[in-house]
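Below you'll find the structure, written out as C-alpha cells, and then a few comments.
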There are 2 protein chains.
Amino acid sequence: MNVKPKLPKGFRDFDSKTLEKREYIIKIISDVFKSYSFQKIETPSVESIETLSGKYGDEADRLIFKILNSGNYLSDYDLNNNADYKELTRFISKKALRYDLTVPLARYISQNINNISFPFKRYQMQNVWRADKPQKGRFREFMQCDADIIGSKNLINEYELVRIYDKVFEKLNLAGTIISINSRKILTAVSSKLNVEDKFSEFVILLDKYDKIGKIKFIEELKNFNISKEDSDFLIKIIENPDIDYIKSYLSEFGISSEGFDECKYIFEKLKLTSNFCEIKFNFKLARGLDYYTGTIFEVENSKVKIGALGGGGRYDNLTSIFGNNELSGVGVSFGLDRIYYCLSELSLFKSSNELNKTLFLNFGERELNYNLKVLDVFRESGISATIYADFSKIKKQMNYANNLNYKFVVICGENEIKSKMVTLKNMITGNQITDKVEKIIKLILSEKTD
Amino acid sequence: MNVKPKLPKGFRDFDSKTLEKREYIIKIISDVFKSYSFQKIETPSVESIETLSGKYGDEADRLIFKILNSGNYLSDYDLNNNADYKELTRFISKKALRYDLTVPLARYISQNINNISFPFKRYQMQNVWRADKPQKGRFREFMQCDADIIGSKNLINEYELVRIYDKVFEKLNLAGTIISINSRKILTAVSSKLNVEDKFSEFVILLDKYDKIGKIKFIEELKNFNISKEDSDFLIKIIENPDIDYIKSYLSEFGISSEGFDECKYIFEKLKLTSNFCEIKFNFKLARGLDYYTGTIFEVENSKVKIGALGGGGRYDNLTSIFGNNELSGVGVSFGLDRIYYCLSELSLFKSSNELNKTLFLNFGERELNYNLKVLDVFRESGISATIYADFSKIKKQMNYANNLNYKFVVICGENEIKSKMVTLKNMITGNQITDKVEKIIKLILSEKTD
C-alpha cells in the first residue's frame with residue numbers, strides 16, 4: 001500500500017490561501033443574495049437516479065456520476081444473461097451525484113409544495129459533479145452559486161436578478177463586466193421572419209458561434225439555412241447593432257410581433273432607475289443553451305479577461321412540471337465561482353490576506369511555558385488569532401516557521417520578560433520590536449499601530 | 001416521468017431556518033479553530049479507491065460509497081467469466097466518496113509534504129458519506145468538523161485541543177458539557193496488570209459498554225476474561241473513581257509503568273492555568289475505537305441530553321505512514337455537527353433568527369413601482385435585507401406572504417406616501433405603523449427602535 005497517492009483527474013485540493021480567496025467571492029455573492037431577501041437552502045449531494053435522469057438531455061445524462069449500490073448488488077441479478085453496460089447500470093446503481101442545482105430545486109419544490117410560500121426566492125451555493133473530460137478551467141467537482149425566483153411571472157424578477165449581477169461585480173470591483181440580455185421570444189420571432197423555425201436549434205448554435213468564427217465565416221455557414229439576401233443583411237445588422245425598437249418595428253412590417261421586445265424594453269427601462277456598475281446591453285446573439293429557457297436570458301462576461309461567461313441565467317416556464325406538479329414559472333441567475341476567481345487573479349483584484357494579524361508565541365521550554373500559555377489565552381480572548389510553537393525547538397527554527405506561515409507577529413516571552421511582567425512583540429514584516437505590558441501590546445495589535 | 005420524486009434514504013434537504021442554525025454552530029467552531037491559528041483546507045468529495053480502501057478496516061470498507069466508472073465500463077471486461085460482485089467492483093469502480101476527513105488529510109500531506117511547514121495545524125469542515133443503515137440521528141451524508149496538528153509530539157497540542165473543545169461549548173453556551181480524557185497507554189498498562197493483553201480489543205469494547213450495561217452485567221461479562229477477584233475489584237474501583245495517581249502507584253507496585261499517566265497529568269495541570277467552561281475529567285472507561293489512536297484520547301458529552309458523543313479525538317502516531325511517508329505523529333479533535341444541533345434544539349439554545357430585519361415592500365402596481373424600486377435600492381444600500389413582492393396581487397395576499405416568511409417589516413409606499421415623499425413602515429410583530437421620510441425610517445430599522 002506504500003504507493004504515492006494521487007487525486008482522480010478533475011478533482012482538486014484547496015489550500016488555505018486559495019480558500020480564503022474563494023470564500024471572499026462566496027461571501028460577496030451570498031451577502032448580495034441575502035440583501036435581496038433570498039433564502040438559502042441546501043439539497044443533498046446524492047439524488048435518486050430517477051430524479052436526475054432524462055432531465056438534462058442524452059449527452060448530459062452520460063456525464064452524471066452514478067453511485068454503485070451497496071452490498072452484494074449482483075445477488076438478484078443474472079449476470080451471465082446480460083453484457084450491456086447500460087442495462088447493468090440501471091440495475092446496479094440507483095443513486096447519483098448532483099449534476100446541477102436546478103433539477104434538485106425542482107425536486108425540492110415538488111416535495112415541499114404545500115410548505116412553500118410563493119414567490120419562492122431561494123439561493124443555493126453547493127458543489128456539482130460532472131464526468132466531463134477534465135481540461136484547463138474545467139473540473140469534475142465545482143461550486144455553483146444560484147439564485148432563483150419560482151412562482152412569479154412578473155418582470156420585476158428579471159430586473160432584480162440583473163441588479164444582483166451588477167451589485168456582485170461592483171462589490172468584487174471587477175471593472176469591464178458586461179451583462180448581456182436577450183429573450184428566447186425575440187430569437188423565435190426573428191427565426192420566424194428568416195423561415196428557419198424548423199432549424200431553430202442549429203440557427204441558435206450558429207448565432208452563439210458568431211464571436212468565435214467571425215462575420216465572414218458566419219455568412220458562409222448561414223448559406224446552409226437558405227436565407228434570402230435581404231434577411232441575411234437584416235440578421236447581420238441586428239447582430240452588429242442590436243436595437244430592440246428597430247427589430248420590433250422591422251418585424252412588425254411583416255406581421256410578426258413578440259412580447260419579447262416589450263419585456264426586454266421594460267427591463268431596460270427599470271434598470272435606468274438606479275445607477276449601474278456594469279455595462280448592461282441588449283445582445284441579439286445571446287442564446288444560452290437550447291431547450292431550457294423560455295423567456296428572458298442573461299449572460300455575464302468581462303471584457304478584460306477572455307475566459308467565457310462568468311454567469312448566466314434566464315426564465316424557464318416548465319420547472320416543476322417535470323415532477324408532475326402544476327407549471328411554476330421560474331427565473332434565475334448562476335455565478336461561476338472558478339471563472340470569477342480566475343478573473344480576479346488575472347487582474348490582481350484579491351485583497352491582501354485577512355489573516356495577517358496571526359501571532360506566534362515562541363516556545364522557550366517548560367520553565368517559561370505556563371506564563372506563555374496564560375498570556376496566549378489573554379490574546380485569544382481579545383480576539384487575536386494566536387498560537388504557541390508546539391515544540392521546544394531552536395529559536396531559529398521557530399522564526400523560520402513564523403516566516404513560512406506568514407505570521408505577522410511573533411511574541412517573545414522569555415526569562416527577562418517574565419521577570420518584568422512584560423512581553424516583546426516582533427513585527428515580522430518591518431522587523432520592529434517592542435517590549436511592553438500585555439494589555440498595551442494587545443491594543444497595539446488590534447489597532448494595527450505596530451508597523 | 002410524472003412520479004413524485006423522493007430523496008434516497010439517509011439524505012437530507014435543509015431549509016433556510018435549519019441552515020441558519022447549522023451555520024450558527026459552524027461559525028462558532030470555525031472562529032475558534034481560526035483563533036487557535038488553524039488553517040483551513042478542503043479536499044475533494046471524490047478520492048481514488050486506492051486512497052480510501054484498506055484504511056478503515058473491512059467493516060468500514062463496505063460502507064464506502066463507490067462511484068461507477070463513466071462510459072462503457074464493461075468494454076474491456078469479460079462479464080460472463082465473473083459473477084463475483086467484489087471482483088466486478090474493483091473493475092468497474094475506481095473512485096469513491098470521502099468517508100472521513102482523516103485519510104484525505106494523510107493523502108494531502110503525503111502529496112504536499114515538501115510545501116507544508118510542520119507542525120501543520122489544519123482544520124476542515126466538509127461532508128462525508130457512509131453507506132450505513134440510516135436510523136434516527138444517523139445519516140448517509142453528514143458534516144465533520146476536524147482540527148488536527150500534524151508533526152509535533154508535544155503535549156501542548158493536547159492541551160490546546162481540549163481548550164478548543166472548552167471554548168466552542170462555552171460560545172455555544174451548552175452547560176453540562178463534559179470533556180473526558182484518557183490515554184490508550186493507560187488502557188494498555190491496566191490490561192497488562194489484568195493479563196488481558198491478548199484480548200485487548202474485547203476488553204476495551206467491554207469497558208466502552210460499562211455505562212450502557214451497568215455494573216452487574218459488566219462484572220458478569222468480565223468473567224469471560226478470567227480475571228482474579230483482586231484485579232476485578234481494582235478495575236471496578238478505577239472505573240467508579242478514576243484517579244490517575246492511584247492507578248499509577250498501584251500498578252508501579254507490580255512493576256508496571258506507563259508514560260500515559262504522566263502525559264495525562266501534564267495535560268490536567270496545564271488546564272488549571274486558565275478557567276474552563278466545561279467539566280474536564282479523567283475517565284478510565286474511555287476507549288474511542290480500537291486500532292486508530294496510540295496516546296491521549298478525548299470525548300465530549302452533555303449530561304443533560306443523552307445523544308452520545310458530541311465530539312471525540314486523540315493522538316495517532318502512524319497517519320502518513322499509510323502512504324509510505326515517514327511517520328508523523330498527529331493529534332486531533334472532531335465535532336459532530338448533527339448531535340450538537342440536536343442538543344441545542346433540545347435545550348432551546350438557538351438564538352432567535354438573525355433575519356428579523358428583513359423587509360418586504362408591498363407592490364401596489366405599475367404606477368407606484370418606479371418610486372418603490374428606488375426606495376428599495378436605498379434600503380439595500382443601507383445594509384437592510386429587502387425585497388418587493390414580485391406580483392401585483394391583492395394586498396391581503398401580500399401581507400400573508402410577509403407573515404408566512406417572517407418578514408419583520410412591511411414597507412407601504414402607495415399613492416399618498418409618494419405624494420408626500422414619505423414611506424410607511426409596519427412592524428409585523430407589534431403591528432405598529434409609522435410614516436416618515438426614507439432616511440428616518442432606515443435609521444429606525446437599523447437602530448431597531450421600531451417596536
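Report summary: the helix-based calculation at 222 nm, which adds -39500 (n - 2.57) for every DSSP H run with n ≥ 4 and divides by the residues of the protein assembly as shown, gives -12000 deg cm²/dmol.
Note on the range A:1-100: with charges restricted to the Cβ of Lys and Arg (+1) and Asp and Glu (-1), its dipole about the Cα centre is near 520 debye.
Taken residue by residue and averaged, Cβ atoms of other chains lying within 10 Å of the Cβ of A:58-66 number 2. Multiplying the residue separation of B:Asn427 and B:Ile216 by 0.36 nm and removing their Cα-Cα distance gives an extension gain of 69.8 nm. Sorted from shortest to longest, the distances between the B:Lys394 label points of this copy and the other copies are 8.4 nm, with each point 7 Å from Cα along the line through the beta carbon. Each residue of the range A:41-58 was assigned a 3J(HN,Hα) from its phi angle through the Karplus expression (A = 6.51, B = -1.76, C = 1.60, θ = phi - 60°), giving 10, 9, 10, x, 5, 10, 10, 5, 3, 4, 5, 8, 6, x, 9, 10, x, 4 Hz with x at Gly and Pro. Between copies, the label points at A:Asn370 (set 7 angstrom from Cα along Cα-to-Cβ) are spaced 7.6 nm, reported in nanometres from shortest to longest.
Taking every residue in A:271-278 and counting other chain Cβ atoms within 10 Å of its Cβ, the average works out to 2. Could you tell me whether the range B:136-248 comes out rounded, prolate or oblate from its Cα gyration tensor? Rule is a ≥ b ≥ c as square roots of the eigenvalues, rounded for a/c under 1.5, then prolate if a/b exceeds b/c, otherwise oblate. Taking the square roots of the gyration eigenvalues as a ≥ b ≥ c, the range B:136-248 is prolate.
All other residues whose Cβ lies under 12 angstrom from that of A:Ser275 are scored, Lys and Arg at +1 and Asp and Glu at -1, for a net of 0.
For chain B, the residue among B:Ser352, B:Ile26, B:Ser382 whose Cα projects farthest onto the positive side of the dipole built from Cβ charges is B:Ser382.
For chain A, averaging the sequence separation of C-alpha pairs within contact (under 8 Å, six or more residues apart) and dividing by the residue count gives a relative contact order of 14 percent.
Charged neighbours of B:Gly260, selected by a Cβ distance under 10 Å, balance to +1 (K, R count +1; D, E count -1). You can think of it this way: the chain between A:Glu448 and A:Asp84 has 124.3 nm of extra reach, that is 0.36 nm per residue less the Cα-Cα gap. In chain A, the inverse of the mean reciprocal separation of distinct Cα atoms equals 26.4 Å; this is its Kirkwood hydrodynamic radius.
Short-range pairs are left out: with C-alpha atoms under 8 Å and at least six residues apart, the relative contact order of the range A:354-449 is 29 percent.
The calculated FRET efficiency for A:Lys34 paired with A:Tyr292, based on their beta-carbon distance and R0 = 41 Å, is about 0.95. For the range A:296-301, backbone phi angles converted through the Karplus equation (6.51, -1.76, 1.60; θ = phi - 60°) give residue-by-residue couplings of 4, 10, 10, 8, 10, 9 Hz, Gly and Pro being listed as x. Relative to one another, the C-alpha centroids of the range A:275-338 and the range A:159-177 are positioned 14 Å apart.
Neighbouring Cβ atoms from other chains, within 10 Å of the Cβ of residues in A:318-324, number 2 on average. Once backbone amide H atoms are built at 1.01 Å from N, B:Cys145 has B:Phe335, B:Leu337 as its partners under 5 Å, excluding neighbours fewer than 5 places away on the same chain. Projecting the Cα atoms of B:Tyr77, B:Ser110, A:Asn283 onto the charge dipole of the protein assembly as shown, computed from C-beta unit charges around the Cα centre, puts A:Asn283 farthest toward the positive end.
Given axes a ≥ b ≥ c from the Cα gyration tensor, I'd like to know whether the range A:354-449 is rounded (a/c under 1.5), prolate (a/b larger than b/c) or oblate. Rounded is the answer for the range A:354-449, as its axis ratio a/c remains below 1.5. Which FRET efficiency value, to the nearest 0.05, is calculated for B:Lys223 and B:Ser348 with the Förster distance at 51 angstrom and r the Cβ-Cβ distance? Working from the Cβ atoms, E equals 0.65. Residues in the range B:214-231 carry Karplus couplings, in order, of x, 4, 5, 4, 4, 4, 4, 5, 5, 4, 4, 9, 6, 9, 5, 4, 4, 5 Hz; the curve used is 6.51 cos²θ - 1.76 cosθ + 1.60 with θ = phi - 60°, and Gly or Pro positions show x. Residues in the range A:394-432 near a label at A:Lys440, defined as backbone nitrogen under 17 Å from the 7 Å Cα→Cβ point? Residues passing the 17 Å test: A:411-414, A:416-427, A:432. Quick one: if the Förster radius is 56 Å, what FRET efficiency do A:Ile239 and B:Lys209 give, using the C-beta to C-beta distance and rounding to 0.05? Step by step, r from the Cβ atoms, then E = 0.15. Each Lys and Arg contributes +1 and each Asp and Glu -1, all at the Cβ; summed about the Cα centre of the range B:354-449, the dipole is approximately 200 debye. Take A:Pro134, push a point 7 Å out from Cα through the beta-carbon direction, and compare it with the same point in every other copy: 3.1 nm, smallest first. Does a label point 7 Å from the Cα of A:Glu279, set along Cα-to-beta-carbon, have any residues of the range A:189-211 with amide nitrogen under 17 Å, and which are they? Residues A:211 fall inside that zone.
Summing Cβ point charges (Lys, Arg +1; Asp, Glu -1) relative to the Cα centre of the range B:55-178 gives a dipole of roughly 260 debye.
Subtracting the Cα-Cα distance of A:Glu366 and A:Ile113 from 0.36 nm times their residue separation leaves 84.8 nm of extension gain.
Taking other residues whose beta carbon is less than 13 angstrom from the beta carbon of B:Arg138, and scoring Lys, Arg as +1 and Asp, Glu as -1, yields +4. Modelled this way, with points 7 Å down the Cα-to-C-beta line, the labels at B:Glu202 and B:Phe392 are 8.2 nm from one another. Looking at the range A:244-288, the GluC sites (Glu not before Pro) that sit in a DSSP loop and have at most 10 other Cβ atoms within 10 Å of their own Cβ are A:Glu253.
The trypsin sites (Lys or Arg not before Pro) found in the range A:295-363 that occupy coil by DSSP, while having at most 14 further C-beta atoms within 10 Å, are A:Lys304, A:Lys306, A:Lys351. For the range B:95-159, the set of trypsin sites (Lys or Arg not before Pro) satisfying both a DSSP loop assignment and a count of at most 13 other C-beta atoms within 10 Å is given as B:Lys136. Note that the range B:164-228, at 10 °C in a medium of 1.306 mPa s, gets a Stokes-Einstein diffusion coefficient of 113 µm²/s from its Kirkwood radius over C-alpha pairs. With the Cα gyration tensor of the protein assembly as shown giving a ≥ b ≥ c as the square roots of its eigenvalues, does the rule (a/c under 1.5 for rounded; else a/b larger than b/c for prolate; else oblate) give rounded, prolate or oblate? In terms of gyration-tensor shape, prolate.
Laboratory data are not the source of any read-out in this text; all were calculated from the coordinates shown. Predicted model only: the values in this text are computed from it and were never measured. Note that each Cβ is placed from the backbone with ideal geometry, even for glycine, and that neighbours are counted across all protein chains shown.
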